[in-house]
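What follows is a short report on a single structure.
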Amino acid sequence: MRYGYSAQLREDLNSRVLAALRSHGMVNIALVAEDVRLRNLDENLALEDVELLVMQVAQLYGAAMELDGLAAVEAARFTSLPDIRRELSGIDSFG
């Protein structure tokens, strides 16, 4: 992981985390990270790296953090537990 981040990226991280904290009372890590990443495309950072930076800044302020639930939904597809509804109904999709 890189440690030499630009002043612009650091300022965007700080201002976006504070704006989210002031407006919502918490920081949605995934949303703020994507916003910061898009504003700093020339930095060529992975979203996961930006999420870590946003989390570190939010921790610095003692902010409540919200983690995006979409990753948990995607991970549920790879569980070893059987899908009861699919097995009982005999259909291949939930459509």
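Starting from residues that are of a type in the set (Asp, Glu) and out of contact with any Lys or Arg (no Cβ under 9 Å at 6 or more places or on another chain), keep the ones in segment 1-43 and report whichever is nearest to residue 59 (Cα to Cα). The qualifying residue nearest to residue 59 (Cα to Cα) is 11.
Scan the helices (runs of 4 or more DSSP H) fully inside segment 11-95 and keep the ones with 1 or more residues being modelled with pLDDT under 95 and under 17 Å from the mean Cα position of the chain (by Cα).
Result: 29-39, 47-60, 70-76.
Within segment 39-56, being under 13 Å from residue 15 (Cα atoms) and surrounded by fewer than 20 Cβ atoms within 10 Å (Cβ to Cβ) holds for one residue alone: 39. Taking residues in segment 14-28 that are of a type in the set (D, E, K, R), and partners anywhere that are assigned to a helix (DSSP H, G or I), the pairs with Cβ atoms closer than 6 Å and at least 6 places apart or on different chains are 16/32; 16/35; 16/36. Once segment 10-38 is narrowed to residues that are of a type in the set (D, E, K, R) and surrounded by fewer than 19 Cβ atoms within 10 Å (Cβ to Cβ), the residue that is farthest from residue 51 (Cα to Cα) is 22. Identify, please: which residue in segment 1-10 is among the aliphatic types (A, V, I, L, M) and in a helix (DSSP H, G or I) and is, among those, farthest from residue 65 (Cα to Cα)? By that ranking, first place goes to 7.
The values are calculated or read from the model by the stated rules, or taken from the named source; none is laboratory data. Fair warning: this is a prediction, and the values are worked out from it, not measured in the lab. In this analysis, Cβ positions are derived from the backbone assuming ideal geometry, glycine residues included, and neighbour counts consider all displayed protein chains.
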